[in-house]
Amino acid sequence: MKHKGILIVTDRSNYFSFLGSQLEKDFRVYYIAVWKEDEIILLKKGKPYISREQLLQGLISTTTDEILNDEEIKKALSCDLEYDKKYNNGNHEDLILIKGRVYANNVANITNEHKIDLIIVQNDSWGYASIPLAVGRKKNIKTLIFEDGFFRPDTIVIDEKGVNKNNSCHREKSFYENISINREKYDKFIQREISKGSGYLVNLFSGIRLSNIIGKLFNFIKHPRKILRIFPLSLDLIAFLAVKNDFILLPLQVRSDSQIVCHSSIKNMEDFINICLSSIEKYNKQFNKNFFVVIKEHPKDPHMDILWQARKRHKNVKNYYITKANTRKLIEKCTAIITINSTIGIEGLLYYKPVITLGQAFFNIDGIVNHCEDTTKLGHVINNAINTLTNRKLIDNFLYHLKFNYQVDGNLNNPDEKNIKPAIRRIKDTLAHEI
């Protein structure tokens, strides 16, 4: 296969530069560096590349004909355009489309010049990846999309079609009903996954070493708002640990995540929290229950400001805002999970928890999760989810398929010569098969 060419669009340079080094033994490998960080890493490793910035600015000669028509460009850039509409009132739409056309033409030139047989990207939503994918598919070039696996950090998604909502997983309940599983292998996998939740529910000192305490203190002094966060979070934590009632877990997501921007009608976490608290408040009253709510902050996107607003609106349902906690322990202890389309929903299935989804997710499958399309009916969905017998066999079959048939073993953050091998095999298998 030495004559075959692979184009890697590096949005995760440590992983993809390592992957490329392994692939170079059997293939011709070329790189597009997405960010400055990617350029620095590729430069240090002596990998020839061209930067996305160069391609966007048209510093490479472009073809006279457009590789993608207007409809194809808009489809490829749908997430970027939606993000611009949400955060910039659509003011950058024209510029996004112009740069997208230039980028597409230059990527097409690269595929022609280097005779590319496979394009590899990270994620499939944003233009830096979706444009090369669209070009590749237009030119009948094979594509592979990488993404973090569902059982992190030990698995990787590598899909020819897409990732998350766009992936190639089966959506039919009947498919999973008919799967045969190796029980011994599956049970060992479940034991390993459950062990990831071992330890304390809350460990205030995790990740803190004597060597960096001074640095952290200086950081707090430098950013007073971080100090202000400590007091309400501490009070919430103490109150939460003292409460014995059943609770429903609400995991927050990054507001700029493509899962939210492109695959959800709920576009911000404030709306998500208000919808859930309002529905749980009504549910408690209607069914004489006393569920409280744990709102789990996403570490990459704090939402402390939302907490006070939510509590003013929903005084009749107790809610606690938790940051530094063992997510798996929260899943283990909760009664149910309500998520837009977070991977935490899949983690909840490991514990056979009722999972309710409000957004578009590939695991919106009847009998596996409870999808709520109309949020005005969320209270009824909560009642059904909590009081319906869990279909453990169906969930087992689904999780087994994800782990052993769909994903590959590997680690996107810490690749080595051993854990990179399943990805190499998937790439070689893809190139060996005709489109």
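The values are calculated or read from the model by the stated rules, or taken from the named source; none is laboratory data. Predicted model only: the values in this text are computed from it and were never measured. In this analysis, Cβ positions are derived from the backbone assuming ideal geometry, glycine residues included, and neighbour counts consider all displayed protein chains.
A quick yes/no check of all residues on (1) within 19 Å of D396 (Cβ to Cβ); (2) loosely packed, with under 13 Cβ neighbours inside 10 Å; (3) touching a Pro at 6+ places or on another chain (Cβ under 6 Å):
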{"site": "F151", "(1), (2), (3)": "yes, no, no"}
{"site": "D154", "(1), (2), (3)": "yes, no, no"}
{"site": "K165", "(1), (2), (3)": "no, no, no"}
{"site": "H170", "(1), (2), (3)": "yes, no, no"}
{"site": "S174", "(1), (2), (3)": "yes, yes, no"}
{"site": "K188", "(1), (2), (3)": "yes, yes, no"}
{"site": "Q191", "(1), (2), (3)": "yes, yes, no"}
{"site": "S195", "(1), (2), (3)": "yes, yes, no"}
{"site": "G199", "(1), (2), (3)": "no, yes, no"}
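Consider I273 against the criteria (1) surrounded by fewer than 17 Cβ atoms within 10 Å (Cβ to Cβ); (2) among the β-branched types (V, I, T); (3) at pLDDT 70 or above: it satisfies all of them except one. Which criterion is unmet?
Against the list (1) surrounded by fewer than 17 Cβ atoms within 10 Å (Cβ to Cβ); (2) among the β-branched types (V, I, T); (3) at pLDDT 70 or above, I273 comes up short only on (1).
Being farther than 30 Å from D366 by Cβ, more than 22 Å from the chain's Cα centre (by Cα) and of a type in the set (F, W, Y) is true for just one of Y128, Y103. Which residue is that?
Going through Y128, Y103 in turn, the sole match is Y103.
Looking only at helices (runs of 4 or more DSSP H) that lie completely in the range 345-435, which have at least 2 residues being farther than 21 Å from R171 by Cβ?
Correct list: 378-387, 421-432.
Do we have any residue at all in the range 399-406 that's of a type in the set (D, E, K, R) and free of Cβ contacts under 8 Å to residues at least 40 places away in the same chain?
No, that holds for no residue.
Would you say K312 is touching a strand residue (DSSP E or B) at 6+ places or on another chain (Cβ under 9 Å) and under 20 Å from N274 (Cα atoms)?
When the stated conditions are applied, K312 does not pass them.
What number of residues within the range 295-329 satisfy the criterion of being within 26 Å of K165 (Cα to Cα) and touching a helix residue (DSSP H, G or I) at 6+ places or on another chain (Cβ under 9 Å)?
Selection size over the range 295-329: 9.
Given the options D374, D396, D366, name the one that is surrounded by fewer than 17 Cβ atoms within 10 Å (Cβ to Cβ), out of contact with any Asp or Glu (no Cβ under 6 Å at 6 or more places or on another chain) and touching a residue at least 24 places away in the same chain (Cβ under 8 Å).
Answer to the selection: D366.
Which residue pairs have Cβ atoms closer than 6 Å, lie 6 or more positions apart in sequence or on different chains, and pair a first residue in the range 109-138 that is outside the structural domain of H92 (by TED's automatic domain parsing) with a second residue that is surrounded by 23 or more Cβ atoms within 10 Å (Cβ to Cβ) and at pLDDT 95 or above?
As it stands, the answer is none, since no pair meets every condition given.
Regarding V157, is this residue under 15 Å from A33 (Cα atoms), in the same structural domain as R425 (by TED's automatic domain parsing), outside any loop (DSSP other than H, G, I, E, B) and not aromatic (F, W, Y)?
no
Take the range 274-315 and flag every residue that is free of Cβ contacts under 8 Å to residues at least 40 places away in the same chain, within 16 Å of I382 (Cβ to Cβ) and not basic (K, R).
If the condition is that a residue be free of Cβ contacts under 8 Å to residues at least 40 places away in the same chain, within 16 Å of I382 (Cβ to Cβ) and not basic (K, R), then S278, E281, N284, N288 are the ones that fit.
Mind telling me which of the residues N268, N284, N319 ends up being over 28 Å from F398 (Cβ atoms) and surrounded by 22 or more Cβ atoms within 10 Å (Cβ to Cβ)?
When all the criteria are applied, what remains is N319.
Residues of the range 116-140 being assigned to a strand (DSSP E or B) and either under 13 Å from E66 (Cα atoms) or at pLDDT below 95 (or both), which ones?
Q122
Pick out the one residue from D11, D65, D38 that is at pLDDT below 95 and surrounded by fewer than 17 Cβ atoms within 10 Å (Cβ to Cβ).
Of D11, D65, D38, the one residue that is at pLDDT below 95 and surrounded by fewer than 17 Cβ atoms within 10 Å (Cβ to Cβ) is D65.
Taking the range 1-44 only, how many residues are more than 28 Å from the chain's Cα centre (by Cα) and touching a residue at least 24 places away in the same chain (Cβ under 8 Å)?
Number of matching residues: 8.
When the residues of the range 242-293 are narrowed to those that are assigned to a helix (DSSP H, G or I) and touching a Gly at 6+ places or on another chain (Cβ under 8 Å), which ends up nearest to I337 (Cα to Cα)?
I280
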